[in-house]
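Bear in mind that the values in this text are calculations on the coordinates, not laboratory data. Predicted model, so just to flag it, every value in this text is computed and none were measured. Here the Cβ positions follow ideal geometry from the backbone for every residue, glycine too, while neighbour counts run over all protein chains shown.
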Amino acid sequence: MAILLAFGCETKYEYDFQNPNLPVDERIENLISLLTLEEKAGLMVNVSEPIERLGIPAYDWWNEALHGVGRA
């Protein structure tokens, strides 16, 4: 019975990059392969728009360390 419950509780991931059990290199390659050129370029600036189709939230990457880390 416990074995049946264990199989039923297996976590499913929509994309390989979301699976923390896979090697980091494999997850990175998967994510990069799924991003469009425009999405990749958008992630290179300090304010990233969400990529909803991949479940990636918006993020503000900017930080300032002149007077210590301003936001962490």
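So what's the net charge close to SER48: Lys and Arg +1, Asp and Glu -1, counting the other residues with Cβ under 13 Å from its Cβ?
Numbers: positive: LYS40; negative: GLU38, GLU39, GLU49, GLU52, ASP60.
Value of the local net charge: -4.
Between ASN30 and VAL45, with labels modelled 7 Å along Cα→Cβ, what's the label distance in nm to one decimal, could you check?
In this crude label model, ASN30 to VAL45 measures out at 2.9 nm.
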